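Student: Have a look at this one before I ask anything.
What follows is calculated from the coordinates using simple rules that are stated; it is not laboratory data. From a predicted model like this one, the values you see are computed outputs, not experimental measurements. Quick reminder, even Gly has a Cβ in these numbers, built from the backbone with ideal geometry, and neighbours come from all protein chains shown.
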Amino acid sequence: MDFKTLISNRISEKVNIPVKDIEKMIEIPPKPEMGDFAFPCFQLAKTMRKAPNLIAQELKNSIDSQGFEKIETVGAYLNFFVDKGILSSSTIEKILSEGKSYGNSNIGEGKNVIVEFSSPNIAKPFHVGHLCSTAIGNALYKIISSQGYNTIAINHLGDWGTQFGKLIAAFKWVDEEALEKEPIKELLRIYVKFHEEAEKDPSLEDLGRLHFKRLEDGCEEETSLWQKIKDVSLKEFNRIYDMLNVKFDSFAGESFYSDKMDEVVEILEDKGLLTESKGALVVNLDEYNMPPCIIKKSDGATIYATRDLAAAIYRKRTYDFYKNIYVVGSDQSLHFRQIFATLKLAGFDWADDCVHVAFGLVKFADKKLSTRKGDVIFLEDLLNEGISRARAAIEEKNPSLENKEDVAKKVGIGAVIFTYLKNNRERDIVFNWDDILSFDGETGPYIQYSYARGRSILGKATGFSGTPDYNKLNSKEEFELVKLLGGLNDAILSAIDKYEPSILSRYIIDVAKAFNKFYNLYPIISCEDVGLKAARLKLVESTTIVIKKVLSLLGIDVVEKM
Ligand code: ARG
């Protein structure tokens, strides 16, 4: 049993409140001098009609203190100092026996959670904002799945809208060979050309509209061109998803809802929510202090928002979700607030279960990157740059390493992903290669390096056997590391609660720092006390398990050597 449960059980016996409720009140004190766990008695004071510090005092006197070094009261707080040997052995044994499922739980069993992420627009570059969404969304998907939720990863492709009419009109300028080789660049080229030509000849715009209308009506010629544009774009996107090792359960994008929008209009009509404004049909959102949500434009065309309404309704019916999460940049906050408010007005109370997980902008310290082609950074270039810089660093630090190419890939891509996940997601990210790839900053490579260090220590100990004496792991540094390792599940739950993968990135930075402190200060392989040596080795092994687990939840691979 872990200490949190033990403490909760013992308090529960005394105060007649369910263990589950007590467990929620237990806190981890901010400083080790204040104990390992703390129980504030304020809440009990209300039901017990007694001063909170009195309750703390009484509990201290009556509670069974076996397993604890001491129990103290400070005001209304009951502070528990656990027996270090017991905590170390129970934590380490748990990690070793659970292995890669350490940190998991089944609290989400029977609940469906949708995580929509990435969602690039076809025929347009997959830009850094989409990469950000991909990194955060993929991490959330894995983190949430680890707690037993049934998670569904959806890529809401931007594959519908009037721009496809324009692209079809521009298709006569396409260079098939270029389209085969670098589809997005070629599609972008003809799209730009369309706008240049339309400046001179405005009738092109009408042609574009006509093509989109025909596409909506299912005309064969337009449909097959659209399909071709979609296929070549997806081929390119899939290359990026492969590099990042990201998988989706569904690619139902905007076009998927093209035949499901009449129903949305009907529902809103039935509820009397549609009003006319300058020829367009809108839902008035005055009572929410928001501009109206446009449902149909004056030419009768539906838009992005209509498709999102249809998608939300479809998802509720298909997946009966517990949460429907959208990982999209904060520049679309108003859009999502309008969608959720419209659903709410239409009587769908589950609108409250829809969550916009927003993130900030990505800025580049490196000018060269942001000006290569207009304002667009080609993502593959970005990932490849990461890989080649990692390759160069390895070449310099460890030229005789085996599998150099594989390591460079994992380190380079891991470094980019970690950068996106490291800070509070709503903060803007400044992308600076030197910081990102540094082996001793708060970076992906630093975490991967710590893992490889641990593995190498374990490698050197092959053949050693001894019974661990956990009572001897009593230095401040060892105990801090053990406590951190024991906190994985709490970190995961709090990351889910706030939809914030950075809680796990910060957690694993702390673990890596504590681990580095520990092995720099204390001998492991050369430790002469067999029981202590064995215990330290188990601590190293547990640390590698936790690092690997957290990196995998963040979508980053480990390397055995680097
Ligand atoms: N394709 C959109 C874009 O690139 C993002 C889609 C976000 N998801 C949604 N359900 N609207 O801006």
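Student: Give the shape of the stretch 193-247 as rounded, prolate or oblate, defined through the alpha-carbon gyration tensor: a ≥ b ≥ c are the square roots of its eigenvalues, a/c under 1.5 means rounded, and otherwise the shape is prolate if a/b is larger than b/c and oblate if not.
Tutor: Cα axes put the stretch 193-247 in the oblate bin.
Student: Could you run the Debye sum over the Cα atoms of the stretch 1-142, one equal point scatterer each and no solvent, and tell me log10 of I(q)/I(0) at q = 0.21 Å⁻¹, two decimals?
Tutor: The calculated log intensity ratios at q = 0.21 Å⁻¹ are -1.22.
Student: Using modelled amide H (1.01 Å from N, peptide plane; none on Pro or chain starts), what sits under 5 Å from the amide H of E69, excluding residues fewer than 5 places away?
Tutor: Under 5 Å from the amide H of E69 lie the amide H atoms of F81, V82, D83, each far enough along the sequence or on another chain.
Student: May I have the pair-distance distribution P(r) for the stretch 209-356, computed from all Cα-Cα distances with 10 Å bins from 0 and rounded to whole percent?
Tutor: 10, 35, 34, 19, 3
Student: While we're looking at this one, here's another question. Using only Cα atoms, figure out Rg for the stretch 457-555 and give it as a multiple of 2.2 N^0.38 Å.
Tutor: The value comes to 1.15.
Student: Remind me, relative contact order of the stretch 106-259 in percent, using alpha carbon pairs under 8 angstrom and six or more residues apart?
Tutor: 31
Student: Per residue of the stretch 200-206, what does 6.51 cos²θ - 1.76 cosθ + 1.60 with θ = phi - 60° give for ³J(HN,Hα)? Whole Hz please, x for Gly and Pro, Karplus curve as stated.
Tutor: 7, 10, x, 5, 4, 4, 5
Student: Rounded to a whole number of µm²/s, how large is the Stokes-Einstein D of the stretch 99-253 at 25 °C and 0.890 mPa s, given Rh as the Kirkwood radius over C-alpha pairs?
Tutor: 141
Student: Additional query: Residues in the stretch 499-521 near a label at N424, defined as backbone nitrogen under 16 Å from the 7 Å Cα→Cβ point?
Tutor: The answer is 499-507.
Student: Looking at the stretch 234-347, how many pairs of lysines come closer than 20 Å at the Cα, when each pair is eight or more places apart or spans two chains?
Tutor: Count of close lysine pairs: 16.
Student: Per DSSP H run of n ≥ 4, the term is -39500 (n - 2.57); total these for the chain, divide by its residue number, and report the mean residue ellipticity at 222 nm rounded to 500 deg cm²/dmol.
Tutor: Per the formula, -17500 deg cm²/dmol.
Student: I would also like to ask the following. Can you give the relative contact order of the chain as a percent, counting alpha carbon pairs under 8 Å and 6+ residues apart?
Tutor: Dividing the mean separation by the residue count of the chain yields 15 percent.
Student: Consider a paramagnetic label point 7 Å from the Cα of K476 along Cα→Cβ; state which residues of the stretch 514-541 have an amide N under 13 Å from it.
Tutor: 518
Student: What is the distance, in nm, between label points placed 7 Å from the Cα along the Cα-to-Cβ direction at E23 and at D320?
Tutor: Taking the two extended label points, one gets 2.6 nm.
Student: Now, a different point. For the stretch 88-175, compute the number of Lys pairs whose alpha carbons are separated by less than 24 Å, excluding pairs fewer than 8 positions apart on the same chain.
Tutor: Number of lysine pairs found: 6.
Student: Pull out a ≥ b ≥ c, the square roots of the eigenvalues of the alpha-carbon gyration tensor of the stretch 400-448, then state rounded if a/c is under 1.5, prolate if not and a/b is larger than b/c, and oblate in the remaining case.
Tutor: Cα axes put the stretch 400-448 in the prolate bin.
Student: Rounded to the nearest 0.05, what FRET efficiency do R337 and D270 have when you use their Cβ-Cβ distance and R0 = 25 Å?
Tutor: So the FRET efficiency works out to roughly 0.60.
Student: Which Rg and Dmax, in Å, describe the Cα atoms of the chain?
Tutor: 28.1, 89
Student: Can you give me the distance in nm between label points at Y304 and R214, each placed 7 Å from the Cα along the Cα-to-Cβ direction?
Tutor: 2.7
Student: With just the Cα atoms defining each centre, how far is the stretch 493-522 from the stretch 241-304? Give it in Å.
Tutor: The distance from the Cα centre of the stretch 493-522 to that of the stretch 241-304 comes to 41 Å.
Student: Taking a point 7 angstrom from the Cα of D262 along the C-beta vector, which residues in the stretch 194-223 have backbone N less than 17 Å away?
Tutor: Counting backbone N atoms under 17 Å from the label point, the list is 213-219.
Student: Could you give each residue of the stretch 9-16 its phi-based ³J(HN,Hα) in whole Hz, using Karplus coefficients 6.51, -1.76, 1.60 with θ = phi - 60°, and x for Gly or Pro?
Tutor: With coefficients 6.51, -1.76 and 1.60, one gets 4, 5, 5, 4, 4, 7, 10, 6 Hz.
Student: Which percent of Cα-Cα pairs in the stretch 497-562 sits in each 5 Å bin, short to long?
Tutor: 4, 15, 21, 23, 16, 11, 7, 3, 1, 0
Student: Students often forget the sequence filter, so: which lysines lie under 26 Å Cα-Cα from K14 once same-chain residues fewer than 8 apart are removed?
Tutor: Answer for K14, where 26 Å is the Cα cut-off: K4, K24, K46, K50, K60, K70, K84, listed by chain and number.
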